[in-house]
1. For the condition touching a helix residue (DSSP H, G or I) at 6+ places or on another chain (Cβ under 7 Å), among the polar types (S, T, N, Q) and farther than 30 Å from Phe106 by Cα, what is the one hit in Gln128, Gln180?
2. So which residues in segment 46-89 are closer than 16 Å to Ile36 by Cα and small (Gly, Ala, Ser)?
3. Kindly indicate the residue of segment 165-207 that is of a type in the set (Phe, Trp, Tyr) and within 22 Å of Val13 (Cα to Cα) and also surrounded by the most Cβ atoms within 10 Å (Cβ to Cβ) among those meeting that condition.
4. Of a type in the set (Lys, Arg) and surrounded by fewer than 14 Cβ atoms within 10 Å (Cβ to Cβ) - does that describe any residue in segment 12-26?
5. Among residues belonging to segment 128-179 that are small (Gly, Ala, Ser), more than 21 Å from Phe206 (Cβ to Cβ) and not in a helix (DSSP H, G or I), point out the one that is modelled with the highest pLDDT.
6. Can you confirm whether segment 205-226 contains a residue that is under 25 Å from Gly28 (Cβ atoms) and modelled with pLDDT under 95?
7. For Asp45, which of the numbered conditions (1) surrounded by 15 or more Cβ atoms within 10 Å (Cβ to Cβ); (2) at pLDDT below 95 fails to hold?
8. Pairs needed: first member in segment 89-105, in contact (Cβ under 8 Å) with a residue 24 or more places away in the chain; second member anywhere, in a helix (DSSP H, G or I) and among the small types (Gly, Ala, Ser); C-beta distance under 6 Å; at least 6 residues apart or different chains.
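The values are calculated or read from the model by the stated rules, or taken from the named source; none is laboratory data. In this text the structure is predicted, and so the values were computed from the model without any measurement. Don't worry about glycine lacking a Cβ; one is built from the backbone with ideal geometry, like all the others, and counts go over all protein chains shown.
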Amino acid sequence: MFRDKVVVVTGGVKGIGKCICEEFEKVGAKVCVIDILDNPYFVGDIAVEKNLRQFADKVIAEHGKVDILVNNAMPFMRGIDSCSFEEFNHALKVGVTAPFYLTKLFLPYFAEGASIINMSSSRDRMSQPFTESYTAAKGGIAALTHALAVSLAGKVRVNSISPGWIDTDYEEYDGADAAQHPVGRVGNPMDIANMVLFLCSDKAGFITGENICIDGGMTKQMIYHNDCNWKLEI
């Protein structure tokens with residue numbers, strides 16, 4: 001299904017992005033990564049317009065098309081107590097502007113049946129204190145998703161995924177950490193990669209503009225003092 005498909009992934013060196021790349025490679029896709037961390041394809045900060053242009057030019061020069069774009073790169077997480085103007089804008093550039101601009105750059109080159117996956121977060125609907133830069137970026141990409149889905153109707157399907165607690169080291173948790181999830185465990189990158197591949201497949205051909213939360217039910221379960229082994233400590 002994905003053999004010889006051209007898959008572009010931002011932030012593909014570690015964590016969820018790495019898992020997504022590996023799963024696409026297993027089924028024969030050609031994966032093109034841009035990351036601020038060292039990698040064999042393209043190293044660069046996606047908050048910089050020049051890097052996005054050079055990266056897109058490289059992908060098109062080598063492959064001539066894009067079948068799948070996964071906007072996965074992680075923005076800064078800073079709070080109102082410490083986040084500077086520059087840091088907040090950088091988070092928005094990574095989390096919202098770069099996905100928009102890469103879509104614009106690749107627009108003439110999306111293949112028939114193309115798909116875009118934007119990585120949001122369950123933080124697009126809930127927050128911890130002092131996470132404003134990250135949360136604003138994730139809320140922005142969730143809204144950008146349905147806007148692009150409407151604008152690109154008939155050409156590209158656009159969906160977003162909102163992961164909950166995903167342990168990128170595949171650590172297993174028990175006690176209250178597991179119990180606060182109705183499925184009884186913390187998530188891992190495969191839980192997200194499996195959904196990415198499904199949404200990019202023909203089986204999901206009737207799905208666009210959606211934001212799918214993959215959090216083991218965590219955002220649906222109300223927890224008070226003494227629920228699920230949790231105790232309030234002040």
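1. Being touching a helix residue (DSSP H, G or I) at 6+ places or on another chain (Cβ under 7 Å), among the polar types (S, T, N, Q) and farther than 30 Å from Phe106 by Cα holds for just one of Gln128, Gln180, which is Gln180.
2. Of everything in segment 46-89, those that are closer than 16 Å to Ile36 by Cα and small (Gly, Ala, Ser) turn out to be Ala47, Ala56, Ala73.
3. Going through segment 165-207, the residues of a type in the set (Phe, Trp, Tyr) turn out to be 165, 170, 173, 198, 206.
Checking the rest, the ones that are also within 22 Å of Val13 (Cα to Cα) come to 165, 170, 198.
Working: Trp165: 16, Tyr170: 12, Phe198: 12.
Among those residues, the one meeting the criterion is Trp165.
4. Filtering segment 12-26 down to residues of a type in the set (Lys, Arg) leaves 14, 18, 26.
Those left that are additionally surrounded by fewer than 14 Cβ atoms within 10 Å (Cβ to Cβ): 26.
Within segment 12-26 (the criterion being of a type in the set (Lys, Arg) and surrounded by fewer than 14 Cβ atoms within 10 Å (Cβ to Cβ)), the answer is yes, since at least one residue qualifies.
5. Applying the filter and picking the extreme gives Gly164.
6. Checked segment 205-226: no residue is under 25 Å from Gly28 (Cβ atoms) and modelled with pLDDT under 95.
7. Unmet for Asp45, out of (1) surrounded by 15 or more Cβ atoms within 10 Å (Cβ to Cβ); (2) at pLDDT below 95: (2).
8. Ala91/Ser133; Ala91/Ala137; Leu92/Ala137; Gly95/Ala137; Val96/Ala137; Val96/Gly140; Leu105/Ala56
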